[in-house]
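Q: First the structure, which I've put down as structure tokens, then a few questions once you've had a look.
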Amino acid sequence: MKEKVEVYLFGQILGTHSFLLKDGFLEPDEYSEIKDQYFLPGGETGTAATVLDSLGVSVRMDGTWIGTAVSPMLREFYKDKNVDLSKMHFWEDDPGVMDYVVIAGLVRSPMGRFQTLFSSGKRWWSIPKEEDIVGCKAAAIDPFFGEETMLAADICKKNGIPYVTIDCPHNSDLHRNAAVNVVSKECTSQHYSGVCPEEIMKLMQAETDGLTIITQGGGEMLYARKGEEIHRMKPFTVEVKSTLGAGDTFKAGCTYGLLYGMSDSELVRFASACSAIAISRFPLPLNPPRLEEVEALINNN
């Protein structure tokens, strides 16, 4: 671990059981052959930590409590990486949070018990501490954990630490105070059904001085700040093996760009290149994009 941690991450960290199918996606009442399967770190924050480490950035992550079924794998995976787990809470009497993802090329289906967990009324994630965040140069905050999410954002704001977030609607404080908000197609479908991306962007621009990026899967990305015209960028074209972790890798790329002071167009292109490399391989945690690969993809396009 580097002496000083560069990036603080707060959000979803879990164990992901992934299954890559051999011949197309699941069909009712039909047999499917599993080509590869793994149990590796996942979640929006867990994946971002893996990618940032591969890019040469030291991180400290916190968020989801880690249980007995996930802890040994997580500790073993990160033992030789610049990822600080020391602030995380490890459960002694619960297996922990896991998901299960079936994948076939462009299509994937995640399964889990998150609705049950969130409706339980119990907190199964950490409370951010100022001493864990101060000293970092950038942060990334997932929007899932209510008051604790906003506490992490408030600590960042208080200490002048810019942060990246994801999938926050235009009227949220997390969006208003973010340096970068990455809004996925899933988010726009949920919060802005029937509204075109350009109109959604205008709503986003009006509420923040930060950068808003609207991604559309394999479609054109939109990005802009308040008072600007809307900029557009096409994703890089690659052969897709698995889309698992694509958005989380994009978030990690944005965090890297924020850390190193990239311009908006440089940041979006860098994040897009990271994501493109991520979807060209499986499993992502064992094959995260490296900085030289990202730079080569950008330079060759």
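Q: Taking 0.36 nm per residue of sequence separation and subtracting the Cα-Cα distance, how much length would be gained by fully extending the chain between residue 291 and residue 193, in nm to one decimal?
A: My answer for the length gained is 31.6 nm.
Q: Another question about this same structure. Distances longer than 14 Å among the Cα atoms of the range 1-78: what percent of all pairs is that?
A: 67 percent
Q: Can I ask one more? Please work out the FRET efficiency for the pair residue 216 and residue 240, using the Cβ-Cβ distance as r and a Förster radius of 22 Å; give the result to the nearest 0.05.
A: The computed FRET efficiency comes out at 0.90.
Q: What is the set of long-range amide H partners of residue 126 at a cut-off below 5 Å, with H atoms built 1.01 Å from backbone N?
A: 63, 64, 65
Q: Net charge near residue 67, counting Lys/Arg +1 and Asp/Glu -1 over other residues with Cβ under 9 Å of its Cβ? Display every interim value, and only then the final one.
A: Working: positive: none; negative: 92, 93, 94.
That works out to -3.
Q: Let me ask something additional. May I ask for the Rg/Rh ratio of the range 1-131, computed from Cα atoms with Rh as the Kirkwood radius, given to two decimals?
A: Values: Rg = 16.3 Å, Rh = 16.0 Å.
Here Rg/Rh amounts to 1.02.
Q: Could you give P(r) for the range 214-301, binned at 5 Å from zero, as whole percent values over all Cα-Cα pairs?
A: P(r) for the range 214-301, in whole percents per bin: 3, 15, 26, 27, 18, 8, 3, 1, 0.
Q: Only Cα pairs under 8 Å and at least 6 apart count here; give the relative contact order of the range 7-116 as a rounded whole percent.
A: Once normalised by length, the contact order is 33 percent.
Q: Tally the DSSP beta bridges in the range 172-250 and give the antiparallel ones as a percent, rounded to 5.
A: The antiparallel proportion sits near 65 percent.
Q: Quick one: if you take sqrt(5λ) for each eigenvalue of the C-alpha gyration tensor of the range 66-151, what semi-axes come out, biggest first, whole angstrom?
A: 24, 18, 16
Q: Also, quick follow-up: Out of residues 5 or more away from residue 134 or on other chains, whose amide H comes under 5 Å of its own, with H placed 1.01 Å from N in the peptide plane?
A: Those qualifying (amide H under 5 Å, at least 5 residues apart or on another chain) number zero.
Q: Take the chain, connect every pair of alpha-carbon atoms lying under 10 Å apart with a spring to form a Gaussian network, then pick out the residue of 206, 49, 152 with the largest mean-square fluctuation.
A: 206
Q: Given Cα pairs under 8 Å that are at least 6 residues apart, what percent is the relative contact order of the range 157-301?
A: Taking the mean separation of contacting Cα pairs over the length of the range 157-301, I get 17 percent.
Q: So if the hydrodynamic radius of the chain is defined as the Kirkwood radius over C-alpha pairs, what does Stokes-Einstein give as its diffusion coefficient at 25 °C and 0.890 mPa s, in µm² per second?
A: 126 µm²/s
Q: Considering only 110, 41, 28, give the residue with the highest GNM mean-square fluctuation for the chain, with springs between Cα atoms whenever their separation is below 10 Å.
A: Answer for the Gaussian network model of the chain: 28.
Q: Still on this structure, I have one more. Take 185, 4 and order them by how many other Cβ atoms sit within 10 Å, fewest up front.
A: 4, 185
Q: Something else about it: Show me, for the range 204-215, the HN-Hα J-couplings you get by feeding each phi into the Karplus relation (A = 6.51, B = -1.76, C = 1.60, θ = phi - 60°), rounded to Hz, glycine and proline as x.
A: 5, 4, 5, 9, 8, 8, x, 8, 10, 10, 9, 9
Q: Past 19 Å, Cα to Cα: identify those pairs from 137/157; 22/251; 35/81, in the order given. Walk me through the numbers before you get to the answer.
A: Numbers: 137/157 12 Å; 22/251 29 Å; 35/81 28 Å.
Beyond 19 Å between Cα atoms: 22/251; 35/81.
Q: Next question. With each label point set 7 Å from Cα along the Cα-Cβ vector, what nm distance links residue 298 and residue 109?
A: Result: 3.8 nm between the two label points.
Q: Can you compute the helix-only [θ] at 222 nm over the chain? Use -39500 (n - 2.57) per DSSP H run of at least 4 residues, normalise by all residues, nearest 500 deg cm²/dmol.
A: Here the helix-only value at 222 nm equals -9500 deg cm²/dmol.
Q: Pull out the extension gain between residue 86 and residue 34, defined as 0.36 nm times the separation in residues minus the alpha carbon to alpha carbon distance; nm, one decimal.
A: Between residue 86 and residue 34, full extension yields an extra 15.2 nm.
Q: ³J(HN,Hα) across the range 72-85 via Karplus (A = 6.51, B = -1.76, C = 1.60, θ = phi - 60°), whole Hz, x for Gly/Pro?
A: So the Karplus estimates, Gly and Pro as x, are x, 5, 5, 4, 5, 4, 9, 4, 10, 10, 7, 10, 8, 9 Hz.
Q: For a Förster distance of 30 Å, can you work out the FRET efficiency between the beta-carbons of residue 118 and residue 76, rounded to the nearest 0.05?
A: Numbers: r = 28 Å, r/R0 = 0.95.
FRET efficiency, residue 118 to residue 76: 0.60.
Read the figures in this text as sums done on the coordinates, not as results from a lab. Remember, predicted model here, so these are calculated numbers, not experimental data. Every residue, glycine as well, gets a Cβ built from its backbone with ideal geometry; the counts of neighbours run over all protein chains shown.
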